[in-house]
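Working notes, beginning with the structure itself.
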Amino acid sequence: MANAPIKLLIAASGTGGHLFPAIALAQKLPDYEIEWLGVPNRLETQLVPQQYPMNTIAVEGFQQGFGFSSLKILGKLIGSILQVRRILKQGNFQGVFTTGGYIAGPAVIAARSLGLPVVFHESNALPGKVTRFFGPWCTAVALGFEAAAKYLPRAKNVCVGTPVRSQFLDEASVTLDLAIPDGVPLIVVFGGSQGAVAINKLVRQSAPAWFAAGAYLVHLTGDRDPDADTLKHPQYIELPFYNNMAALLRRAALAISRSGAGSLTELAVCGTPAILIPYPFAAEDHQSYNADVFTQAGAALTFKQSELTAEILQTQVLNLLRSPEELAKMSEKAKAIATPDSADKLASLVREVVER
C-alpha cells in the first residue's frame, strides 16, 4: 500500500465558475485518485462522470444562511455532513478540495471532523458568505484575487489566481471558425453562462453605429433571450453559446461582459480589453468588486446596469475603437492581472497541504 495513490475528494457544484477551476486542478493531479462530490441534477452531473467517479448529496436550501433558523435546513445539513463523513471514511480519502457554494459547508465540516486537510478556492474579489464562514476552518484558502485577502483575516490565504480551461493556455491549438474577415475590429458580447437579456437589449440598440464604423459583432445571447434573431446584419453573428471562447476572445478588439470571476479570468488570460456591466443581483454585489479590480488596473471600463443607456454604450465603444493605442494599453493591463499558471500553483498548494 506504500505506493497507493493519494485520494482526493473534490466538492464543486452548480455553475461553470465553480466547476471549471476544479476540473482544471484535477487535470494537474494525474497521479491522484480523484472522486467528485456534487448535487443531483446540477451541471456537474453532465461534465464530471465521464472523467471522475461521482458522489452526490442533497444539500439544496443550505445556501439560505448560516443562522440555522430552519429545522429543515439544519436537518439537511446534518444529514449531508454524515453522508460526506461516510464517503470520506469508506473511501480512505486523504484530503478535500472545494470551490465553495453551498456544497462546501458539509464537505469542510465532515473533513475537519475527521482530521483531514481542506483546501478552499475562492475566485471572487469579495469572498462569498460560505468562504468567509468556513475559510478559517480550512487548512488553506486559495484566492483568485489578492483583494479578497482583507475579507478573510483569520484564514491561511494564498493567492494563486483562478485556473482556466486548457484551451486558454494553448494558443496554437485553437482557431476561430467564424466568418470574421482579417483586419476588421471585432466586438464580442457575452453575459456569462446564463446570458444577459438586459445587456443584449442595449447592444442591439447600439450595434448599427458600430457596424457603420466597420466593426463586426459576435453576440452570445444565452438561451433565454426573447429578442433572439430580431437583429440581422452581415456584420452580426448571433449565437446562444460558443465553445471556442479562447480563440474568440484572442481575436476580439473589445469585449462587453458581465464580471463573474470566470469570465474575468478568461479575459485577462487572453488580454482582451473590456466594458464590464456587473450583474446587479449577484450575491452581495460581488461582481462589482471583481470589476473594480480590472477598472483600477486600467484593463476595463465598468458601468452600473442601472445607469447605462444605449447611447452611453454606443459612444464608449466607438471611442475605444477609434483609439487602438488605448485598447493596446488595456490589453497589456489585462494580461498583467492574469495568472496563466494558476492551475499549477493551485495543484502545488494542494500537494503541499495533502501530502504534508
Qualifying residue in the range 24-47 (condition: within 15 Å of the chain's Cα centre (by Cα), of a type in the set (A, V, I, L, M, F, W, C), at pLDDT 95 or above and closer than 21 Å to ASP344 by Cβ): yes
Elements of type strands (runs of 3 or more DSSP E) in the range 223-325, at least 1 residues being of a type in the set (Ser, Thr, Tyr): 236-239, 254-257, 300-302
Verdict on PRO273 being of a type outside the set (S, T, N, Q) and at pLDDT below 95: no
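Yes/no matrix, rows are residues, columns are (1) acidic (Asp, Glu); (2) closer than 16 Å to GLY16 by Cβ:
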{"position": "ARG250", "(1), (2)": "no, no"}
{"position": "LEU267", "(1), (2)": "no, yes"}
{"position": "GLU284", "(1), (2)": "yes, no"}
{"position": "GLU307", "(1), (2)": "yes, no"}
{"position": "GLU311", "(1), (2)": "yes, no"}
Residue in the range 277-330 that is farthest from the chain's Cα centre (by Cα), counting only those that are over 18 Å from ALA255 (Cβ atoms) and of a type in the set (Phe, Trp, Tyr): PHE281
Residue match in the range 196-204 (condition: under 18 Å from the mean Cα position of the chain (by Cα) and crowded, with 23+ Cβ neighbours inside 10 Å): yes
Index of the failed condition, GLU146 passing every other in (1) under 20 Å from SER342 (Cα atoms); (2) crowded, with 19+ Cβ neighbours inside 10 Å; (3) in contact with a strand residue (DSSP E or B) (Cβ under 9 Å, 6 or more places away or on another chain): (2)
Of all residues making up the range 293-304, the number that are touching a helix residue (DSSP H, G or I) at 6+ places or on another chain (Cβ under 8 Å) and closer than 17 Å to PHE145 by Cα: 6
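Per-residue answers, yes or no, for (1) of a type in the set (Asp, Glu); (2) in the same structural domain as VAL118 (by TED's automatic domain parsing); (3) surrounded by fewer than 18 Cβ atoms within 10 Å (Cβ to Cβ):
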| position | (1), (2), (3) |
| --- | --- |
| ASP292 | yes, no, no |
| LEU301 | no, no, no |
| SER306 | no, no, yes |
| ALA310 | no, no, yes |
| LEU321 | no, no, no |
| LYS329 | no, no, yes |
Of the criteria (1) more than 22 Å from ALA179 (Cα to Cα); (2) charged (D, E, K, R); (3) surrounded by 15 or more Cβ atoms within 10 Å (Cβ to Cβ), which one ARG250 fails: (1)
Sole residue being at pLDDT 95 or above and in contact with a Gly (Cβ under 7 Å, 6 or more places away or on another chain), chosen from GLN287, GLN314: GLN287
Tally, over the range 92-116, of residues that are in contact with a Phe, Trp or Tyr (Cβ under 7 Å, 6 or more places away or on another chain) and over 16 Å from VAL39 (Cα atoms): 2
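The values are calculated or read from the model by the stated rules, or taken from the named source; none is laboratory data. The shown structure was predicted, so the numbers you read here are calculated from the model rather than taken from an experiment. All Cβ positions, glycine included, derive from the backbone under ideal geometry; neighbour counts span all protein chains shown.
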